[in-house]
Amino acid sequence: MRIALGVSGGIAAYKAAELARLLIQRGHEVQAILTDAAQQFITPLTFATLTGRKPITSLFSDGSAESTLASSVEHIGVAQENDLLVVAPATANVLAQFAHGFAGDFLSTMYLAFTGPVVLAPAMNANMWGHPATRSNLEVLRGRGHVIVSPGDGFLACGVIGPGRLAEPVEIADAVDRACKPQVVHDLVGETVLITAGPTQEPIDPVRFLSNRSSGKMGFALAEAAAARGAHVILISGPVDLHTPSGVERVDVKTAEEMRNAVFAHLDGVSIVIKCAAVADFRVASVPQHKIKKTMARFSVELDPTPDILAELGRKKGDRLLIGFAAETENLVQEAKRKLEAKNCDMIVGNLVGQSDTGFESDDNQVILVTRSGTTELPRAPKRVIADQIFNESMKLRLLATAPYAH
Ligand code: C5P
């Protein structure tokens with residue numbers, strides 16, 4: 001593959017040299033593109049030596065008429081010649097430029113002209129990584145189908161310990177290899193898949209509610225994966241701050257009761273249900289009409305259980321494939337197995353929550369898949385990758401169920 005390797009200006013730029021070496025070793029041709037800031041951290045000569053090609057360092061030429069003419073269209077040429085664009089490290093600035101379509105230098109201009117797969121490996125200070133501006137830029141880029149290789153936790157150059165450290169070069173090279181050969185299988189064509197996502201909100205009074213930390217990312221990744229595999233997808237979502245994947249029919253709800261009603265109103269013709277939502281287990285028994293005043297020294301509320309949507313789906317299962325989730329802080333396998341039986345599911349996806357780098361709110365997840373034939377532990381991966389693995393396993397389950405000697 002011909003790979004354009006964008007390097008932007010962060011201290012992690014030195015690791016891009018190792019990435020270039022790995023990509024060459026794996027048989028790719030690499031064209032390095034260095035932003036001005038990147039050249040403050042690492043020299044073009046390093047990349048010229050490793051890749052055997054002159055790196056691109058500027059949108060404009062050295063001034064001669066001949067080279068000015070050549071460079072005026074070089075970004076289009078580079079965009080057309082390369083099969084994949086990877087940017088490592090991708091600074092907050094590059095993410096913002098890409099998300100908003102600014103084209104102020106070679107890399108951002110070439111990005112706009114590029115139509116192939118894009119892999120971005122961000123690296124920055126932990127606060128910059130957590131800033132709402134960066135988070136929403138990442139959502140936009142993810143929504144375009146770009147692969148984000150999440151940074152790891154660690155000791156950052158700014159002296160802070162936290163998320164923001166560039167992923168290891170081998171991890172980025174693996175993501176490039178996966179993106180080079182997108183394994184798009186269209187095994188859900190003609191099917192309708194119903195997915196629930198996000199938290200629910202249960203009102204306490206007209207302004208307050210009970211909820212949980214679910215971000216909805218796993219459910220949205222499942223919806224995106226199902227749509228890519230050709231399904232008609234109905235995504236019933238609690239309140240989340242995420243873009244709807246393209247081609248997906250989204251139904252917004254707030255409470256567990258509303259989610260239950262939406263699920264049963266959309267169940268006709270559905271062949272797979274995935275209950276990924278973190279539905280509140282309790283709701284306030286009687287919600288006052290007016291805001292509760294803080295003048296009370298202490299007050300209590302009575303809680304009633306919410307309808308267990310998954311359990312009801314299990315009772316009315318038919319031949320639909322039914323997949324539930326179990327988010328636990330302990331005894332994961334045991335709990336997942338219990339829920340598989342109690343709710344009459346075909347599969348329970350179990351994940352440990354309460355850890356910082358997987359589970360709720362995180363871009364990555366680490367899960368186990370529990371079925372009646374056993375338990376599979378999946379390695380930590382981006383939620384979009386986990387989503388495809390869940391569908392791969394579901395397809396196997398279905399084959400097993402229809403196989404001539406299956407019990
Ligand atoms: O019993 P528990 O809430 O831990 O089970 C989690 C699974 O059940 C998830 O798939 C969740 O979407 C579903 N669930 C539900 N209705 C509820 C509570 C949980 O469908 N009221």
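The values are calculated or read from the model by the stated rules, or taken from the named source; none is laboratory data. Owing to the predicted nature of the structure, the values given are computational and were not obtained by experimental measurement. Every residue, glycine among them, receives a Cβ derived from its backbone with ideal geometry; neighbour counts consider all protein chains shown. Note: areas computed on protein heavy atoms with side chains; ligands, DNA, RNA excluded. Shrake-Rupley method; radii C 1.70, N 1.55, O 1.52, S 1.80 Å.
Structure above, values below:
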quantity: Accessible-area order (highest first, 1.4 angstrom probe) of the listed residues MET259, MET296, MET124; calculated: MET296, MET124, MET259
quantity: Phi-based couplings in Hz for segment 193-206 (Karplus 6.51, -1.76, 1.60; Gly and Pro marked x); calculated: 10, 10, 10, 10, 8, x, x, 10, 10, 10, x, 9, 8, x
quantity: Quarter of Cα convex hull surface for segment 133-286, i.e. mean projection, nm²; calculated: 12.0
quantity: Solvent-accessible area per residue, Å², over the chain with all protein chains present [probe radius 1.4 Å]; calculated: 49
quantity: List ILE161, ILE3, ILE24, ordered by accessible area with a 1.4 Å probe, largest first; calculated: ILE161, ILE24, ILE3
quantity: Calculated FRET value between ALA401 and ARG178, using beta carbons and R₀ = 30 Å, to 0.05; calculated: 0.55
quantity: Alpha-carbon gyration tensor eigenvalues x 5, square-rooted, for segment 101-166, Å; calculated: 24, 13, 11
quantity: Taking only Cα atoms of the chain, radius of gyration then Dmax in Å; calculated: 24.2, 80
quantity: DSSP loop chymotrypsin sites (Phe, Trp or Tyr not before Pro) with at most 11 other Cβ within 10 Å excluded, longest remaining stretch of the chain; calculated: 1-298
quantity: Whichever aspartates and glutamates have a C-alpha closer than 19 Å to that of LYS181, once near sequence neighbours (fewer than 8 apart) are set aside; calculated: GLU29, GLU81, ASP83, GLU171, GLU224, ASP388
quantity: Approximate spin-label separation LYS293-ARG144, in nm, with each point projected 7 Å along Cα-to-Cβ; calculated: 5.4
quantity: Members of LYS275/LYS396; LYS15/LYS396; LYS294/LYS343; LYS217/LYS339; LYS15/LYS383 lying beyond 29 Å, as alpha-carbon distances in this model show; calculated: LYS15/LYS396; LYS294/LYS343
quantity: Sequence of HIS28, HIS243, HIS232 when ordered by accessible area, the most exposed leading, probe 1.4 angstrom; calculated: HIS243, HIS232, HIS28
quantity: Percent antiparallel among DSSP beta bridges (both partners in segment 2-180, rounded to 5); calculated: 20
quantity: Cleavage-rule hits, trypsin sites (Lys or Arg not before Pro), segment 90-174, DSSP coil, Cβ neighbours within 10 Å at most 13; calculated: ARG144
quantity: Where a label projected 7 Å from the Cα of LYS54 along Cα→Cβ would reach, residues of segment 1-39 with amide N under 16 Å; calculated: 31-34
quantity: Residue-averaged 222 nm ellipticity for the chain, from DSSP H runs of 4+ at -39500 (n - 2.57), nearest 500; calculated: -10500 deg cm²/dmol
quantity: With eigenvalues of the C-alpha gyration tensor scaled by 5 and rooted, segment 208-260, Å; calculated: 22, 12, 8
quantity: Accessible carbon and sulfur surface of the chain relative to its total accessible area, %, 1.4 Å; calculated: 54
quantity: Value in Å of the Kirkwood radius, where segment 243-402 supplies the Cα pairs that are averaged; calculated: 17.7
quantity: For segment 2-180, convex hull of alpha carbons as volume per residue, Å³; calculated: 103
quantity: Highest to lowest packing among 301-307, 332-338, scored as the average C-beta count within 10 Å; calculated: 332-338, 301-307
